[in-house]
Amino acid sequence: MHEVLDELVTVPGIKGGIVVTPDGIVVISRLANELDEDTTAALVGNVVTQTLKLLSLGRYEDMDRMILSASRGKIVIENLGNCLLVVVTNQFINLDVTFLEIKSAAKRIRQLGTLTVSG
Amino acid sequence: MIPILKQWQGWSQSRRLYEQARQDAYPRSWVKLCRHLVGQGDLARAAEAAGEGLARFPHSRDLRDILRHANRLALGEEIEGLWAKARDGREPDDFRILVETYLSCEEYDEALKAAEELMRLRPERPEGSALVGKILLRRFYEDRVASDARRGIVALQDALERDDGDVESHLELARIYRFIGAVSKALFHLYRALDGDPENNEALELQEHLIDLPLEEEEEAQLLRAIEESECYVPPHEAEQECRKISDEEKGSLIRDLGRLSQLNSVVRAAFVSHHLTLIAEGGETRTLNDPDEDPLCGIARGFRKAADISAKRMGIGAFQSSVLTAGEFVLQFHALGPTVVLVESSDRSMVDVIREECFNFVAARLRVEEEPVHA
């Protein structure tokens, strides 16, 4: 799984990738220095938990993917089943181009099967 | 002959698009014109058109991106030259010019790298830290991310440790402390600035505003946290500013536009939630709700915007702007403008880009629709 993230972070504009459990525990991470992995994981866990709670108000099923754009960067969250792949990018990235790389990384991580949670 | 013909066609199309843009009530024609000019390689005119479009639609993200992109391309060589000169000469003034150039393209990270390089090359001088402080505070005023303000204040204090008489750094600290409501700290730095330059007009003006304000009761960290979490912060010195409510005319246009948004192919429903107005539209019919919780879609819009904004700020990626969420057969698109959010629910993933473009137009076609003071 390290290799998948190592390859992903070489894509221009991607600042890092991290696999977390839905409750915010880091499974594996490759993040740029300015991003703290525990903070990122906790905040992603928080936003996903709140989103799922909100979605349950409507008639929606589980979340498959979330792309969050902010003034200084973007975050792509792919639901892998028992965990989440989170990719952090700069704000200038063209996700139409980069998306294939992210989807392919998500697919490869899924194929690796059961994840062992560390930390 | 053919190149001349192509040039003429390009020019003629630009002219047609410009006429269209001037009459369009939405920013989409300005975006088309700018993209056409970029395609023609005419970056100067693309930047000019984006600037003109932004004067009318200041919240158009597309126009802002085009302006930044055009400026960046136009300044590419200049920036290389500035870097070479700054590194060779190690003069703080050259680094300051480089930082200003990056900031003109909104490239905060690159501007920070330039300022940090000055700190590395001239650690004994205060200018590097002062520049880092100014960049971070400028970003804070734009995005209200507390960590930017905290780091900016530390950098300016670091600059003052090297040169306690630097009037500009004292003034910068006085401004930020006034903004967050830390009046006693603002006064301290203001008087230090006036010690160095008793005739400084800005400092004298700041003094007039500050002496009437009550002293803060909370710590700096608490004040910053409250600003970060606030949906629409108004600094204490602007407290008398009236809330701008949505006028009847604006409400009419919102109802009409949201109805149109809900008629797009594959759109199931669309919601608009702000402090003073909640609308829900389906099949072209728009209803006004008294409370967002009357409809789950509006509750989701409000709750998600708040959670996403705070998380984005604390993750260090700035203020929340938009989100696309896929859940089973549904796609939910959120587009925020300050505390206001538009949420569109659709049922066809292939329509995401079309709907996103229309949402951008919807949001950018209006100014921030209301301001509600929230004090730290």
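The values are calculated or read from the model by the stated rules, or taken from the named source; none is laboratory data. Everything numeric here is computed off the predicted structure, so don't read it as measured data. Here the Cβ is made from the backbone with ideal geometry for all residues, glycine too, and neighbour counts use every protein chain on show. Accessible surface areas use protein heavy atoms only, side chains included; no ligands, DNA or RNA. Shrake-Rupley method; radii C 1.70, N 1.55, O 1.52, S 1.80 Å.
Working with all protein chains in place, sort A:Asp62, B:Asp248 by solvent-accessible area computed with a 1.4 Å probe, largest first.
Output order, biggest surface exposure first: B:Asp248, A:Asp62.
What do you reckon, how do B:His209, B:His170 stack up by accessible area (1.4 Å probe), largest on top?
Result of the area sort, largest leading: B:His209, B:His170.
Percent antiparallel among DSSP beta bridges with both residues in chain B, to the nearest 5?
Antiparallel bridges: around 95 percent, rounded to the nearest 5.
Ignoring ligands, DNA and RNA, what percent of the 1.4 Å accessible area of the protein assembly as shown is carbon and sulfur?
In the protein assembly as shown, the share of accessible area belonging to carbon and sulfur is 48 percent.
Before I look further, what does chain B give for accessible area per residue, probe 1.4 Å, in whole square angstrom?
Using a 1.4 Å probe on heavy atoms only, each residue of chain B averages 47 Å².
Per q in 0.05, 0.06, 0.09 1/Å, what log10 I(q)/I(0) does a Debye calculation on the alpha-carbon atoms of the protein assembly as shown return?
The calculated log intensity ratios at q = 0.05, 0.06, 0.09 Å⁻¹ are -0.22, -0.31, -0.73.
Can you give me the C-alpha center-to-center distance between the range B:191-225 and the range B:99-116, rounded to a whole angstrom?
Result: 27 Å between the Cα centres.
List the residues of the range A:18-35 that lose 20 Å² or more of accessible area once all protein chains are present, compared with their chain alone (1.4 Å probe, heavy atoms only, no ligands or nucleic acids).
When all protein chains are present, A:Leu35 each give up 20 Å² or more of accessible surface.
Any idea of B:Trp8's accessible area? Nearest 10 Å², probe 1.4 Å.
The accessible area comes out at roughly 150 Å².
Per DSSP H run of n ≥ 4, the term is -39500 (n - 2.57); total these for chain A, divide by its residue number, and report the mean residue ellipticity at 222 nm rounded to 500 deg cm²/dmol.
Theoretical 222 nm ellipticity from helices: -11500 deg cm²/dmol.
Looking at the square roots a ≥ b ≥ c of the eigenvalues of the Cα gyration tensor of the range B:248-364, which shape do they give, rounded for a/c under 1.5, prolate if a/b is larger than b/c, or oblate?
Oblate is the answer for the range B:248-364, as a/c is 1.5 or above yet b/c matches or exceeds a/b.
In terms of modelled amide H atoms, which long-range or inter-chain residues lie less than 5 Å from the amide H of A:Arg72?
B:Gly318, B:Ala319
Looking at chain B, I'd like the Rg to Rh ratio, where Rg is from alpha-carbon atoms and Rh is Kirkwood's inverse mean 1/r.
1.02
With the cut-off at 29 Å, tell me which of the pairs B:Lys134/B:Lys185; B:Lys32/B:Lys134; A:Lys53/A:Lys74; A:Lys53/B:Lys313; A:Lys107/B:Lys32 have Cα atoms farther apart than that.
From B:Lys134/B:Lys185; B:Lys32/B:Lys134; A:Lys53/A:Lys74; A:Lys53/B:Lys313; A:Lys107/B:Lys32, over 29 Å: B:Lys32/B:Lys134; A:Lys107/B:Lys32.
With a 1.4 Å probe and every protein chain left in place, work out the accessible area per residue of the range A:1-61 in Å², rounded to a whole number.
Accessible area per residue: 49 Å².
In peptide B:143-153, what is the residue-averaged number of other protein chain Cβ atoms found within 10 Å of each Cβ?
1
How much accessible area is lost when chains B and A come together, counting both sides, with a 1.4 Å probe, in Å² rounded to the nearest 100?
For B against A, buried area totals roughly 2900 Å².
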